[in-house]
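Below: one structure, written as structure tokens.
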Amino acid sequence: MNKLNFLLFTCAIGLLCAGCHPAKSTQKTTKPKPNVLFIFADDQRADALGCSGNGYIRTPNIDALAQRGVRFTRNYVMGGHHGAICAPSRAMLMSGKSLFHVYDKLDGVQTMPMYFNQYGYETFGTGKWHNEASSFEASFQKGKNIYVGGMADHFNVPCQDLGPDGKLGEKTKKGFSTDLFADAAIDYINEYAQGGQESPFFCYVSFTAPHDPRSPREDYIGMYEQEELPLPGNFKKAHPFKFDNMNVRDETLAPWPRSPEIIRESLADYYALMSHLDKRVGDVIQTLKDKGLYENTIIIYTADNGLAVGSHGLLGKQNLYEHSTNVPLIVSGPGIPEKETSDAFLYLYDIFPTLANLCGLPVPEEIDGTDFTDVLMGKTKQVRSAIYTVYRNTVRAVRTVDWKLINYPQQQYTQLFNLSEDPLELHNLADQHPEKVEELTELLENWHETSDDTSDLHPTKVLPMEYDYTKLRQKPDNKQPPYVLEKYFKGVDTKDKVKADH
């Protein structure tokens, strides 16, 4: 073979080889979509975390999530149209819609796990589902230890598993709620890791803690010495005026007037429930690490609504003070900044479009939530300039960065708080700042219209604000275990218990 033929031969071989094995610079690598671990607490105040500045509660695992990601200090539930706020709250979260566009019904509504499944995600759910059973069946491919309801005795939660036929099975009672739901998530992650992992997962873990009954697992009882816990800075013996049913179920968990001793007892048990939850959150996250899944998993931690626990003389969430509407939100995972805090105004229903964007999915249309990815990534500071919250037809509120107006239409009464100077909402400045009242009232009315709020802001009948709390009576619901009855319902006839679904 002469030199010319040899050169032609080697060039041909080179071209063939190049066609068979493209150079690395021309290869395309597809980055795998991140997994999603969504952790949802029940009735958790935003300040019931160590990372939020609470020096008394111990939540090291959730605090570690905040260190690894972004913590949002102004995340809100929009409110509810009845006392069981968690039902509409969860419907808004799952649908990406505001209250007056979904209320608490998810049947026939596209949910977040449905949407993720459309784009190749394997979906798993465990824990509380306070909407229709059929909507859980439509939303998840897999599920274990599912509680369809509002509240239950933590030691006797009636749970169901999602069968191969996509239907929820028989109800069984197996153990303490927090452990049931954490163990189900851990079992799922282990099972997923052993499989082919062809699809990313969407794992939804919805705890019933720290919702009452305030009955921690036995080994957590006494974890917090009640004498060492400070009262809320806005503690009152009773709410100073009537604005709704002051004897709604949540408010019957302690007698009137509220005493410092019983509020400290409530906080001690509330914090113990939270610390147990935190321990099990740590176990779930450790499982991700052990199985090599942690680095590619976005973790969301949030809650459905806040709680009073003695603030303003209240115990529940059926009001529009900050302690009841402001809820924690932490987002961490691949590509997300670490050790950051944001004061952007968010709603729970903003999470759906944001999580879709973070996972490389199209942002869903025909929802009300706003994608806050740019805030998360530090590219912008705010999503909206104000927040609008509601409770039944009896209370409406709007807040900006510094100011908050709460309107009670049926009493024709207004509260105005300067939150920059009075974050505990103690000093009503409505009489001192009529111009600010007028400004925020106009803003509230605009929100009322644009959100399709159905309430009447100007009723003709004015209801009284006075009430006699000495005439209110404690009556336990049928979910309270002996520990709670003995501790919080002393001297109360507990034979006839009312039904509860809060």
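The values are calculated or read from the model by the stated rules, or taken from the named source; none is laboratory data. These numbers were taken from a predicted model, which means no experiment stands behind them. Cβ coordinates were reconstructed from backbone atoms using ideal geometry, including for glycine residues, and neighbour counts include every protein chain displayed.
Overview of results
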item	result
MET246 vs. criteria touching a residue at least 24 places away in the same chain (Cβ under 8 Å), assigned by TED's automatic domain parsing to the domain that holds PHE116 and out of contact with any Leu (no Cβ under 7 Å at 6 or more places or on another chain)	no
Residue check for ASP453: surrounded by 14 or more Cβ atoms within 10 Å (Cβ to Cβ), at pLDDT 95 or above and assigned to a loop (DSSP other than H, G, I, E, B)	yes
Which numbered condition VAL148 misses (of (1) among the hydrophobic types (A, V, I, L, M, F, W, C); (2) crowded, with 20+ Cβ neighbours inside 10 Å; (3) closer than 30 Å to PRO216 by Cα)	(2)
Matching strands (runs of 3 or more DSSP E) fully within region 365-430 where at least 2 residues are over 17 Å from VAL77 (Cα atoms)	403-408, 413-418
Long-range neighbours under 6 Å by Cβ, at least six apart or interchain, first residue in contact (Cβ under 8 Å) with a residue 24 or more places away in the chain and farther than 20 Å from VAL77 by Cα within region 97-120, second assigned to a loop (DSSP other than H, G, I, E, B) and among the acidic types (Asp, Glu)	ASP107/GLU132
Residue check, PHE181 closer than 30 Å to GLN141 by Cα and either modelled with pLDDT of 95 or more or surrounded by 16 or more Cβ atoms within 10 Å (Cβ to Cβ) (or both)	yes
Any hit, region 54-72, residues being at pLDDT 80 or above, in the same structural domain as ASP343 (by TED's automatic domain parsing) and within 13 Å of the chain's Cα centre (by Cα)	yes
Among (1) surrounded by fewer than 16 Cβ atoms within 10 Å (Cβ to Cβ); (2) under 25 Å from the mean Cα position of the chain (by Cα); (3) touching a residue at least 12 places away in the same chain (Cβ under 8 Å) - the single one LEU376 does not satisfy	(1)
Filtered residues of region 213-231 (kept if closer than 22 Å to HIS312 by Cβ and either surrounded by fewer than 18 Cβ atoms within 10 Å (Cβ to Cβ) or of a type in the set (A, V, I, L, M) (or both))	GLN226, LEU229, PRO230, LEU231
Set PRO337, PRO353: member being in a loop (DSSP other than H, G, I, E, B) and modelled with pLDDT of 95 or more	PRO337
Residue check for GLN197: closer than 23 Å to MET114 by Cα, without any contact (Cβ under 8 Å) to a residue 60 or more places away in the chain and among the polar types (S, T, N, Q)	yes
Residue list for region 172-213, filter: of a type in the set (S, T, N, Q), closer than 27 Å to ASN296 by Cβ and in contact with a helix residue (DSSP H, G or I) (Cβ under 6 Å, 6 or more places away or on another chain)	THR178
Some residue of region 122-132 being in contact with a strand residue (DSSP E or B) (Cβ under 9 Å, 6 or more places away or on another chain), buried (at least 24 other Cβ atoms within 10 Å of the Cβ) and at positive phi	yes
Subset of region 446-500 (residues that are touching a strand residue (DSSP E or B) at 6+ places or on another chain (Cβ under 9 Å) and among the acidic types (Asp, Glu))	ASP453, ASP477
Matching entry among TYR119, TYR103 (being surrounded by fewer than 19 Cβ atoms within 10 Å (Cβ to Cβ), of a type in the set (Phe, Trp, Tyr) and within 17 Å of ASP368 (Cα to Cα))	TYR103
Of residues in region 456-502 being in contact with a Phe, Trp or Tyr (Cβ under 8 Å, 6 or more places away or on another chain) and among the hydroxyl-bearing types (Ser, Thr, Tyr), the one surrounded by the fewest Cβ atoms within 10 Å (Cβ to Cβ)	THR470
Residue identified as in the same structural domain as VAL109 (by TED's automatic domain parsing), touching a residue at least 24 places away in the same chain (Cβ under 8 Å), more than 23 Å from ARG90 (Cα to Cα) and within 21 Å of the chain's Cα centre (by Cα) among LYS291, LYS317, LYS279	LYS279
